[in-house]
Amino acid sequence: MTLRRPLVAGNWKMHKTGAEARGYARSLRELLADGDGRVQVAVCPPFTALDAAVVAFAGSGVEVFAQAVHEADAGAHTGEIATGMILGTGATGTLVGHSERRAAAETDLQVARRTRAALDAGLSVILCVGESLDRRDAGETEAWLTAQLRAALPGLGGREDALSIAYEPIWAIGTGRTATPESAQAAIAHVRRVAGEQLDAERVRVLYGGSVNADNAAALMAQPDIDGALVGGASLDPESFAAIVRAA
Ligand code: 13P
């Protein structure tokens with residue numbers, strides 16, 4: 001019997017305006033209206049649609065998260081967003097360390113600082129980790145995940161309610177090539193073991209991300225260590241996202 005409430009989060013990446021977020025929210029609210037609240041649901045719009053999404057989802061139980069955050073409270077950081085700005089929209093969480101941000105030069109050190117800054121500010125965090133195809137083919141998946149987690153998690157013990165980890169193998173993102181439930185389970189069991197060095201491993205939620213859709217979601221989330229999904233492309237359509245929520 002797990003203590004962990006499933007979490008399904010939709011990462012919209014660089015898609016949707018505020019007006020489009022409002023239309024999306026109307027549909028998703030209807031689709032999830034008969035839900036029992038057992039699954040926590042979040043959407044992660046771009047910064048420019050956070051305000052609109054917060055208003056449009058108010059009272060629905062669907063949370064709104066940002067996709068990234070800077071570690072400083074304020075300052076000369078052109079194009080960046082601080083924790084207080086995210087909180088000011090009414091959003092309640094943020095992704096940190098998505099592989100698409102790491103590829104655009106977000107370092108392990110920044111990921112660690114940003115995770116800590118967001119948690120300190122009272123935001124929920126979905127910390128993203130995952131290996132490239134080259135690392136996987138070289139048999140370095142576990143070592144890579146260990147290094148990413150050991151860079152980000154020290155000092156975060158006790159934050160298990162606000163901190164989730166998303167395992168997103170880079171080779172499965174946007175490729176239609178989903179990890180098998182067994183290989184996702186194996187990697188996520190490893191993530192949980194390493195997270196257990198810093199956190200209460202039984203309480204920290206670990207999500208799978210990478211080409212999750214309405215057809216594969218149930219089998220992935222049936223694995224014992226997989227506590228939910230971080231969904232990209234299939235979250236852009238409210239119907240397919242709602243189907244994934246129901247699968248959880
Ligand atoms: P896809 O679901 O489009 O593969 O994206 C996964 C992802 O990167 C979610 O953060």
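The values are calculated or read from the model by the stated rules, or taken from the named source; none is laboratory data. What you are looking at is a predicted structure, and each value in this text was computed from that prediction instead of being measured. Here Cβ is always computed from backbone atoms with ideal geometry, including for glycine, and neighbour counts include all displayed protein chains. We work out accessible area using only protein heavy atoms, side chains counted, and drop any ligands, DNA or RNA first. Shrake-Rupley method; radii C 1.70, N 1.55, O 1.52, S 1.80 Å.
What to note about this one:
- Selection count, region 28-46, where residues are surrounded by 20 or more Cβ atoms within 10 Å (Cβ to Cβ) and either touching a His at 6+ places or on another chain (Cβ under 6 Å) or not in a loop (DSSP other than H, G, I, E, B) (or both): 6
- In region 185-213, the residue that is nearest to GLN67 (Cα to Cα) out of those that are among the small types (Gly, Ala, Ser) and modelled with pLDDT of 95 or more is GLY209.
- Among the residues of region 1-27, just one is open to solvent by less than 20 Å² (accessible area, probe 1.4 Å) and of a type in the set (Val, Ile, Thr), namely VAL8.
- Complete set of residues in region 1-27 that are hydrophobic (A, V, I, L, M, F, W, C) and either part of a helix (DSSP H, G or I) or more than 16 Å from the ligand (Cβ to nearest atom) (or both): MET1, LEU3, ALA19, ALA21, ALA25
- Inclusion of LEU31 among residues that are under 16 Å from ILE244 (Cβ atoms) and over 18 Å from the mean Cα position of the chain (by Cα) is warranted.
- Residues within region 209-248 that are part of a helix (DSSP H, G or I), within 12 Å of the ligand (Cβ to nearest atom) and either polar (S, T, N, Q) or open to solvent by 10 Å² or more (accessible area, probe 1.4 Å) (or both), tallied: 4
- Meets criteria (within 16 Å of the ligand (Cβ to nearest atom), surrounded by fewer than 21 Cβ atoms within 10 Å (Cβ to Cβ) and farther than 24 Å from GLU63 by Cβ) for ARG136: yes
- Residue ID - least open to solvent (accessible area, probe 1.4 Å), chosen from residues in region 101-131 that are among the acidic types (Asp, Glu) and more than 16 Å from the ligand (Cβ to nearest atom): ASP108
- Test for ALA186: is it without any contact (Cβ under 8 Å) to a residue 24 or more places away in the chain, closer than 30 Å to ALA121 by Cα and among the aliphatic types (A, V, I, L, M): no
- Those residues of region 148-183 which are within 10 Å of the ligand (Cβ to nearest atom), surrounded by 13 or more Cβ atoms within 10 Å (Cβ to Cβ) and charged (D, E, K, R), in sequence order: GLU168
- All of (1) hydrophobic (A, V, I, L, M, F, W, C); (2) surrounded by fewer than 19 Cβ atoms within 10 Å (Cβ to Cβ); (3) closer than 22 Å to ALA118 by Cβ; (4) in contact (Cβ under 8 Å) with a residue 24 or more places away in the chain hold for ALA76 with one exception: (4).
- Filtering region 82-99 to residues that are buried (at least 19 other Cβ atoms within 10 Å of the Cβ) and within 17 Å of the chain's Cα centre (by Cα) leaves THR83, ILE86, ALA91, GLY93, THR94, LEU95, VAL96, GLY97, HIS98, SER99.
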